[in-house]
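Quick notes on the structure that follows.
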Amino acid sequence: MTRETNLQVLLRNRPEGAPQPGDFSVVETVRPEPAEGEVLIRHLFLSLDPYMRGRMSAAKSYSAPVELGEVMEGKCVGEVIASRHPDFTVGDKVLNGFGWQRFSSIRGEKLIKLEEDGALPLSAYLGVLGMPGLTAWVGLEDIGKPKAGETVVVSAASGAVGQVVGQIAKQRGCKVIGIAGGPEKCRFVTEQLGFDACLDHRGDLPAQLDAACPEGIDVYWENVGGAVQAAVFPRLRDFGRMVMCGMIAQYNEAPGADASAAPSGPNLGPVVRKRLHIQGFIVSDSGWSRYENFRSEVQAWMKAGKLNWREDVVTGLENAPTAFIGLLQGKNFGKLVIKI
Ligand SMILES: NC(=O)c1ccc[n+]([C@@H]2O[C@H](COP(=O)([O-])OP(=O)(O)OC[C@H]3O[C@@H](n4cnc5c(N)ncnc54)[C@H](OP(=O)(O)O)[C@@H]3O)[C@@H](O)[C@H]2O)c1
């Protein structure tokens, strides 16, 4: 029997500005064979996430870039099809960073074994029960600290992180206002996720914020940056918290470009006057050591029908570059995953 070939998506160029399809190449290679201690995995789902734009750049960051000609980095859920590790057998479902490819052979110690649960799809381990959900849970626990009765505003509210942030804040008894792009996403955020309101950032956002939060904002969950941040920031209340999760609207800018936007720099005066707490974080700092606490709480809400989620599933690994380019333009609706 001839061995199946591997399909891989490689980084071909480092983009300047928005990535283009030609920055990636899709190649067929020989499928790997597991060495002693390794597990051969057939990838089922690949997660596409905004941080991958950073990995395409050689600029200094918290993590090393993908080198030119290397397989693009990404987390996958896969199925074990051969094992030379005592802890894994054929048919096991596993999670970790196997990259944008169809097969990989990985040392068993690097894998998380997933308990199959017919009630929840495996792709959920890349979204609501995976890195984006954990990000939401950790950032709220450590930085946002929402208290019952407070007002929480969440940008990119229909997306992978935002949808979980808002629903956890609702569980904590807060008033939750989402911000999203377009009426369809806003309707989903209120009707399916149960936020109190959702504002369309394509409209007059400052006026919508004044109408929805006349009392001001206690917690702002920052996913977007740019004009959305400029509208929310002046409306933070005394002792407000700003959870700096990401600023996707600025990911295609050259490093340092934002610093020169205003000659005097961004106006951070209110941070002192209002005693604000603004903190950035990266989920991988301490998040995974708390994964089991997160999973048991969120999974219980999911099974009890108290937490909803939406995925945007694109079929075919060869479509990953186009889907990723769309993510940076707001074309995804829900957690973006590739079904391989
Ligand atoms: N700190 C961490 O550890 C960590 C971990 C995971 C994710 N993140 C960050 O969290 C944020 C959300 O990630 P996600 O995975 O949940 O992505 P996502 O929300 O599922 O998808 C990205 C969304 O961002 C919005 N967007 C894209 N370009 C925009 C622009 N130019 N202006 C305004 N909105 C734009 C779009 O939503 P609309 O159409 O609604 O505008 C788009 O659907 C990102 O900034 C990401 O880098 C950080």
_Order by protection proxy (mean Cβ within 10 Å, highest first), peptides 169-176, 53-60, 145-152, 272-279_ = 169-176, 145-152, 53-60, 272-279
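Report the calculated FRET efficiency for Trp288 and Asn267 (r = Cβ-Cβ distance, R0 = 30 Å), to the nearest 0.05.
0.25
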*asked:* Just to be sure I understand the model, the point goes 7 Å from the Cα along the line to the Cβ. What's the resulting Glu297 to Ala64 distance in nm?
replied: 3.4
_the range 131-285, relative contact order [Cα under 8 Å, separation at least 6], %_ = 22
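Can you pull a Stokes-Einstein diffusion coefficient for the chain at 20 °C (1.002 mPa s), Rh from Kirkwood over Cα pairs, as a whole number of µm²/s?
Details: Rh = 21.0 Å.
It diffuses with D of about 102 µm²/s by this estimate.
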_Modelling each spin label as a point 7 Å along the Cα-to-Cβ direction, I'd like the Ala304/Asn252 distance in nm, to one decimal._
4.3
*Using only Cα atoms, tell me the angle between helix 160-171 and the longest principal axis of the chain; keep it within 0 to 90° and round to the nearest 10.*
50
*Tally up the carbon and sulfur contribution to the accessible surface of the range 131-285 as a whole percent, 1.4 Å probe, everything protein left in place.*
55
_Contour minus Cα-Cα distance for Gln279 and Arg84 (0.36 nm per residue)_ = 65.8 nm
*For the chain, give the share of DSSP beta bridges that are antiparallel, in percent and rounded to the nearest 5; count only bridges with both residues there.*
55
*In Å², what does the accessible area per residue of the chain work out to with a 1.4 Å probe?*
45
_Choice from Leu122, Leu111, Leu307 showing the highest fluctuation, given a GNM over the chain with Cα pairs closer than 10 Å_ = Leu111
_Inverse mean reciprocal Cα-Cα distance (Kirkwood Rh) of the range 184-232, Å_ = 11.6
*asked:* Lone cysteines in the chain, defined as no other cysteine's Cβ under 4.7 Å from theirs: which are they?
replied: Cys76, Cys174, Cys213, Cys245
*Which percent of the Cα-Cα distances in the range 16-165 go past 22 Å?*
52
*Leaving ligands, DNA and RNA out of it, report the carbon-plus-sulfur percent of the accessible area of the range 1-91 at a 1.4 Å probe.*
52
*Using amide H atoms built 1.01 Å from N in the peptide plane, name the residues 5+ places from Gly74, or on other chains, whose amide H lies under 5 Å from its own.*
Phe98, Gly99, Trp100
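Rank by packing, highest mean first: peptides 215-222, 131-138, with packing defined as the count of other Cβ atoms within 10 Å averaged across residues. Walk me through the numbers before you get to the answer.
Numbers: 215-222: 22.5, 131-138: 25.4.
Averaged packing, sorted descending, gives the order 131-138, 215-222.
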_Viscosity 1.002 mPa s, 20 °C: Kirkwood-radius Stokes-Einstein D of the range 131-285 over Cα pairs, µm²/s_ = 138
*asked:* Pairs of alpha-carbon atoms within less than 8 angstrom and 6+ residues apart define the contacts here; what relative contact order does the chain have, in percent?
replied: 17
*Virtual spin-label span in nm between Glu4 and Gln329, 7 Å along Cα→Cβ*: 3.2
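The values are calculated or read from the model by the stated rules, or taken from the named source; none is laboratory data. The structure presented is a predicted model; accordingly, all values stated were derived computationally and were not measured. Heads up, the Cβs are rebuilt from the backbone with ideal geometry, glycines too, and the neighbour counts pull from every protein chain shown. Surface areas here come from the heavy atoms of the whole protein model, side chains and all, with no ligands, DNA or RNA. Shrake-Rupley method; radii C 1.70, N 1.55, O 1.52, S 1.80 Å.
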